[in-house]
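**Q** Provided herewith is a single structure, encoded as structure tokens, for subsequent inquiry.
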Amino acid sequence: QVQLVESGGGLVQPGGSLRLSCATSGSIFGIYTMGWYRQAPGKQRELVATRTRGGSINYADSMKGRFTISGDNAANTVHLQMNSLKPEDTAVYYCYLNTPIGGYWGQGTQVTVSS
């Protein structure tokens, strides 16, 4: 059973920073991509950033320049450094793992940007 566990969410003031981490466990046979999505109240889940095992990275336009995704292939972990946070970044952030046999989601971690 593959499990993804996010950590690092919390409450931060506008302009602040947070670093999210995603750890995996279970039998993982190959990874295509790992990444982050988010879902704000009343909105659909949206892409934040993804990273392939080869290191190719994709960001949603609104995150470019503020968010940085990184990962450790050996440990099957992925991180998201979020800077210059805005109130509109408030959402539940989900870790996603895409493998040859399917995709997996974490339970999510709440990020709240508010003064």
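**Q** So, in segment 91-115, exactly how many residues are closer than 17 Å to Glu46 by Cα, surrounded by fewer than 18 Cβ atoms within 10 Å (Cβ to Cβ) and either over 13 Å from the mean Cα position of the chain (by Cα) or polar (S, T, N, Q) (or both)?
**A** 5
**Q** I'd like the residue in segment 76-90 that is aliphatic (A, V, I, L, M) and outside any loop (DSSP other than H, G, I, E, B) and, out of all such residues, is nearest to the chain's Cα centre (by Cα).
**A** Leu80
**Q** If Pro41 meets every condition in (1) at pLDDT 95 or above; (2) closer than 18 Å to Thr90 by Cβ apart from one, which number is that one?
**A** (1)
**Q** Looking at Gly15, Gly65, which is the one that is open to solvent by less than 60 Å² (accessible area, probe 1.4 Å) and of a type outside the set (A, V, I, L, M)?
**A** Testing whether each residue is open to solvent by less than 60 Å² (accessible area, probe 1.4 Å) and of a type outside the set (A, V, I, L, M) leaves just Gly15.
**Q** Those residues that are assigned to a strand (DSSP E or B) and loosely packed, with under 13 Cβ neighbours inside 10 Å, I need them from segment 18-40; list them, please.
**A** Listed by number, the list holds a single entry, Ser25.
**Q** Return the total of residues in segment 41-62 being among the hydrophobic types (A, V, I, L, M, F, W, C) and either open to solvent by 20 Å² or more (accessible area, probe 1.4 Å) or in a loop (DSSP other than H, G, I, E, B) (or both).
**A** Within segment 41-62, residues that are among the hydrophobic types (A, V, I, L, M, F, W, C) and either open to solvent by 20 Å² or more (accessible area, probe 1.4 Å) or in a loop (DSSP other than H, G, I, E, B) (or both) number 3.
**Q** Here is a further query. For Asn58, indicate whether it is on the phi > 0 side of the Ramachandran plot and more than 10 Å from the chain's Cα centre (by Cα).
**A** no
The values are calculated or read from the model by the stated rules, or taken from the named source; none is laboratory data. Because the structure is a prediction, the values reported are computed rather than measured. Positions of Cβ are generated from backbone atoms using ideal geometry, with glycine treated the same way; all protein chains shown enter the neighbour counts. For the accessible areas, the whole protein counts, side chains as well, though only heavy atoms, and no ligand, DNA or RNA atoms are used. Shrake-Rupley method; radii C 1.70, N 1.55, O 1.52, S 1.80 Å.
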